[in-house]
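Colleague: Below is the structure I would like to discuss, written out as structure tokens.
The values are calculated or read from the model by the stated rules, or taken from the named source; none is laboratory data. Predicted, not measured: the structure shown is a model, and the values here were computed from it. Note that each Cβ is placed from the backbone with ideal geometry, even for glycine, and that neighbours are counted across all protein chains shown.
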Amino acid sequence: MKILVPVKRVVDYNVKIRVKPDGSGVDTANVKMSMNPFDEIAVEEAIRLKEAGVASEVVAVSCGVAQCQETLRAAMAMGADRGILVQTDVELQPLAVAKLLKAVVEKEQPGLVIAGKQAIDDDANQTGQMLAALLGWPQATFASKVVVTDGKLTVTREVDGGLETLELPLPAVITTDLRLNEPRFATLPNIMKAKKKPIDTLTPEALGVDVTPRLATLKVEEPPKRKAGVMVGSVDELIEKLRNEAKVI
Amino acid sequence: MDEKLISRRDLAFQLYEVLKVESLTQRPRYQEHDRGTFEAILDTAQQIAETHFAPFNRKADENEPVFEDGQARTIPETKAAVQAHAAAGFLVAHHDAALGGMQLPAVVVNAAMALFKAANVSFAAYPLLTLAAGNLIHRYGSEEQKKRFLPLLLDGRATGTMCLTEPHAGSSLGDLRTRAEPQPDGTYRLFGNKIFISGGDHDFGGNIIHLVLARISGAPPGVKGISLFIVPKFLVDEAGRMGARNDVVLAGLLHKMGYRGTTSTVLTFGDRDGAVGYLVGEPHQGLKYMFHMMNEARIGVGMGAIALGYTGYLHALDYARNRPQGRPLANKDPASPQVPIIEHPDVRRMLLAQKSYVEGCLALGLYAARLVDDIRTGNEAERARAQELLDLLTPVVKAGSSQFCLKANELAIQVFGGAGYTRDYPVEQFYRDNRLNPIHEGTDGIQSLDLLGRKLWQNGSAGLKALLREVETTLQEAAGENELAELVEALRGARDTLAALIMRLGSLMSGAQAEQVLANSFPFLEVFSRFVLAWQWLRQALVAVSGLRRADLSEDEANFYRGKLHAARYFLRWELPQIEPLCRLLERCDPTFLSMKDEWF
């Protein structure tokens with residue numbers, strides 16, 4: 001079975017992001033970029049399935065600018081076998097990415113897609129679900145445990161009330177939650193090997209996908225600064241303030 | 001996770017903008033690499049440092065190794081960290097592809113190792129010693145020794161040590177007494193005591209490969225009779241399998257001020273019938289072999305001091321930006337909100353001093369590591385120049401960085417105030433850990449004698465001439481920048497003063513006053529270090545000025561370059577001129593130290 005893992009290039013989780021002065025977006029010039037951490041978990045899970053003999057090949061896919069190659073190299077340094085870059089300079093929104101991935105899935109015919117549940121830049125949490133819907137495949141989101149037996153998938157998901165276990169036929173789409181696994185470090189020999197692994201470059205045009213943004217960004221601004229707290233003298237005063245000032249009880 | 005280790009932006013500045021490390025990939029040895037692999041390797045280093053090293057830095061400090069059933073017990077996280085480092089391939093990274101290595105440039109290896117040291121210097125000591133032992137056996141071991149021992153050191157099945165010091169012989173190695181008795185089978189049996197042996201015992205499983213200096217029976221006295229031996233903790237058969245325990249006994253552990261996660265051991269060789277040892281290279285050449293590796297080991301010590309200074313600075317900076325205390329002098333309203341302490345000029349003074357020390361020393365340390373790459377892969381002229389320069393700069397990288405970066409840690413505590421003096425914050429530990437660096441691998445005093453007694457003059461002062469040419473090149477490049485005029489003038493003036501001083505000391509050294517000159521070696525090292533760091537700052541300022549001219553500069557990027565430029569101004573205005581009174585004393589060979597009498601104390 002082939003596993004397809006979409007990986008997104010995002011601002012590194014360590015970087016303190018800054019909003020551009022004109023409010024048009026986040027400043028990414030010369031900022032350190034990395035693989036979306038949820039996608040690292042997806043790559044790790046796919047590699048583990050390969051190591052367990054369930055999967056035969058792990059293919060990483062990234063959609064975006066030419067530098068997404070670095071993200072694909074990072075996935076291959078962890079253990080993905082090859083990469084596919086769908087290259088475009090257009091700002092990609094979840095629906096466009098889902099359509100691109102659908103086109104790649106039709107080309108590659110994987111038995112399973114494992115995606116991060118969301119990306120840490122826009123936190124949209126949409127692409128995996130949209131992809132499953134477009135493909136007409138079953139989906140299991142927020143996976144914290146994945147087991148493949150006899151061509152069936154058993155996925156434990158983290159939901160508000162606790163854990164839910166689903167059984168799905170393959171092919172299917174999984175999105176990963178934080179506790180699914182602990183991604184491995186790319187070892188130095190594997191970083192060197194990743195350089196020699198192939199990356200195919202495609203374009204949205206060649207895949208016949210219109211990626212024109214459907215949403216317009218009106219304004220990006222910093223969240224309001226947290227105000228200093230106040231010391232209250234008694235429980236009564238606290239209740240009074242919660243009721244009359246904050247109006248929460 | 002935000003561990004405040006070393007600024008990756010600064011590392012990228014040093015590697016790609018100042019040292020142009022990408023150009024190394026033109027050379028056959030490094031052609032498989034590009035900036036992408038360098039960054040991926042630094043990412044892996046940072047991830048492991050943040051996961052396995054930094055979170056246990058305090059725990060290792062609070063739980064120093066204990067002596068139990070004849071063995072050193074460490075906290076279990078030590079083994080996990082050492083193994084994670086080895087499993088990622090860092091022990092073999094710089095070696096030939098034929099050995100399973102990545103042929104990674106020394107400058108990148110040093111940058112990666114610095115991240116581990118900033119995260120937890122006492123854990124990082126084990127791999128550092130293992131790297132050094134591997135390098136030594138690789139360079140001087142016989143084919144058979146390399147086959148038997150090297151793989152263990154490259155994949156983490158063994159750690160390494162350097163056994164030099166004995167209870168009565170530390171800096172004075174010529175007096176060491178450990179004895180090696182030749183055996184009919186060509187091996188030796190060693191008898192003697194060694195002390196301050198870092199990593200001399202641990203409980204990670206696996207083996208320990210001790211590299212031991214000892215005297216073969218009947219060897220000439222002094223440094224000319226010292227040989228180097230491989231002495232494994234567990235005997236190793238020809239296939240590299242671990243066998244019986246060798247006669248190396250852990251006699252005790254030392255209880256240190258800092259670096260507590262690293263065992264510091266007292267070892268007895270030959271408590272029973274002698275520890276089996278294998279002679280490395282020729283008899284009586286041991287010190288030469290050890291010291292050939294010393295340049296790289298001393299860069300390693302300097303980089304450790306820099307890493308500790310750097311992480312301390314980042315912690316102090318973060319604290320100063322977030323700790324509200326007091327109001328600007330002009331604000332007399334007690335009801336107005338307090339300002340973060342970074343608003344106070346004296347706090348900015350302390351942060352600026354730290355920035356100038358740690359970033360200046362980082363520039364120098366990586367410059368020195370870059371010279372190692374030239375020695376390995378340059379053409380003949382580059383190799384010769386790099387070797388001369390590195391020999392000269394090594395005492396500065398080692399002792400200069402140890403002094404300036406320890407001072408940085410002291411200032412970090414000061415920025416934290418009373419909080420910094422408590423163990424609730426990490427800066428006091430950085431200071432205690434860093435206090436070792438002016439001592440081990442040759443004390444500051446030894447380094448200063450090495451510089452003033454030997455390195456300045458060797459090979460017709462070839463190193464000094466090479467340095468002065470480099471400085472002149474920097475001055476000429478900077479002369480075209482109006483913004484740097486003040487700095488160029490300051491460095492040129494210092495250069496002229498220093499050159500005149502060295503001329504004068506040189507003539508006195510060849511005469512009867514050598515002892516008087518050398519009595520002042522330590523202040524000379526300080527003068528020389530300040531000058532070299534000022535030069536490194538002008539190099540950084542040059543890159544910053546051209547960086548500021550880039551068209552698409554974001555505000556953060558512009559601020560980064562402005563910060564570099566301002567730190568350069570600070571160092572050349574406030575730190576460099578401190579050499580002047582010292583130069584006046586040195587020039588007239590001030591006899592105060594030499595003439596002081598024991599009885600007068």
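Colleague: Let me spell it out: the conditions are (1) in a helix (DSSP H, G or I); (2) among the charged types (D, E, K, R); (3) more than 30 Å from B:Lys355 (Cα to Cα), and B:Glu296 meets all of them except one. Which number is the exception?
Modeller: Tallying (1) in a helix (DSSP H, G or I); (2) among the charged types (D, E, K, R); (3) more than 30 Å from B:Lys355 (Cα to Cα), B:Glu296 fails exactly one: (3).
Colleague: Looking only at the stretch A:19-30, count every residue that is out of contact with any Ser or Thr (no Cβ under 8 Å at 6 or more places or on another chain) and within 13 Å of another protein chain (Cβ to nearest Cβ) and tell me the total.
Modeller: Residues in the stretch A:19-30 being out of contact with any Ser or Thr (no Cβ under 8 Å at 6 or more places or on another chain) and within 13 Å of another protein chain (Cβ to nearest Cβ): 6 in total.
For every residue, the table says whether it meets (1) surrounded by fewer than 18 Cβ atoms within 10 Å (Cβ to Cβ); (2) touching a helix residue (DSSP H, G or I) at 6+ places or on another chain (Cβ under 7 Å); (3) away from every other protein chain (no Cβ under 11 Å).
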| residue | (1), (2), (3) |
| --- | --- |
| A:Leu4 | no, yes, yes |
| A:Ile17 | yes, no, no |
| A:Ile47 | no, yes, yes |
| A:Lys50 | no, no, yes |
| A:Gln67 | yes, no, no |
| A:Ala75 | no, yes, yes |
| A:Asp89 | yes, no, yes |
| A:Lys99 | no, yes, yes |
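Colleague: Quick one: B:Ile75 ticks every box in (1) among the β-branched types (Val, Ile, Thr); (2) under 17 Å from the mean Cα position of the chain (by Cα); (3) surrounded by fewer than 21 Cβ atoms within 10 Å (Cβ to Cβ) bar one, so which box is it?
Modeller: Condition not satisfied by B:Ile75: (2).
Colleague: Before we move on, is B:Gly563 within 14 Å of another protein chain (Cβ to nearest Cβ) and either surrounded by fewer than 20 Cβ atoms within 10 Å (Cβ to Cβ) or within 23 Å of B:Leu392 (Cβ to Cβ) (or both)?
Modeller: no
Colleague: Contact list please: Cβ distance under 9 Å, first residue in the stretch B:434-451 and closer than 13 Å to B:Pro523 by Cα, second residue of a type in the set (Ser, Thr, Tyr) and part of a loop (DSSP other than H, G, I, E, B), pairs at least six apart or on different chains.
Modeller: Listed by first residue and then by second, the contacts come to B:Gly445/B:Ser171; B:Ile446/B:Ser171.
Colleague: From the list A:Ile120, A:Ile114, A:Ile191, pick out the single residue that is within 14 Å of chain B (Cβ to nearest Cβ), surrounded by 23 or more Cβ atoms within 10 Å (Cβ to Cβ) and touching a residue at least 60 places away in the same chain (Cβ under 8 Å).
Modeller: A:Ile191
For every residue, the table says whether it meets (1) within 16 Å of the chain's Cα centre (by Cα); (2) at positive phi; (3) in a helix (DSSP H, G or I); (4) surrounded by 22 or more Cβ atoms within 10 Å (Cβ to Cβ).
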position: A:Glu44; (1), (2), (3), (4): yes, no, yes, no
position: A:Ala60; (1), (2), (3), (4): yes, no, no, yes
position: A:Thr71; (1), (2), (3), (4): yes, no, yes, yes
position: A:Leu85; (1), (2), (3), (4): yes, no, no, yes
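Colleague: Search the stretch A:233-244 for residues that are among the basic types (Lys, Arg) and pair each with any residue that is surrounded by 10 or more Cβ atoms within 10 Å (Cβ to Cβ) when their beta-carbon atoms are under 7 Å apart and the residues are at least 6 apart or on different chains.
Modeller: A:Lys241/A:Val232
Colleague: Which of (1) among the charged types (D, E, K, R); (2) surrounded by 13 or more Cβ atoms within 10 Å (Cβ to Cβ); (3) closer than 30 Å to A:Lys32 by Cα is the odd one out, the single condition B:Arg504 does not satisfy?
Modeller: (3)
Colleague: Condition first: hydrophobic (A, V, I, L, M, F, W, C), farther than 24 Å from B:Tyr357 by Cβ, facing another protein chain (nearest Cβ under 10 Å) and buried (at least 17 other Cβ atoms within 10 Å of the Cβ). Now tell me which residues in the stretch B:1-39 satisfy that.
Modeller: Within the stretch B:1-39, just B:Phe38 meets the criteria.
Colleague: Looking at (1) at pLDDT 95 or above; (2) assigned to a loop (DSSP other than H, G, I, E, B); (3) under 26 Å from B:Ala72 (Cβ atoms), which is the one condition that is false for B:Ile209?
Modeller: With (1) at pLDDT 95 or above; (2) assigned to a loop (DSSP other than H, G, I, E, B); (3) under 26 Å from B:Ala72 (Cβ atoms) applied to B:Ile209, the lone miss is (2).
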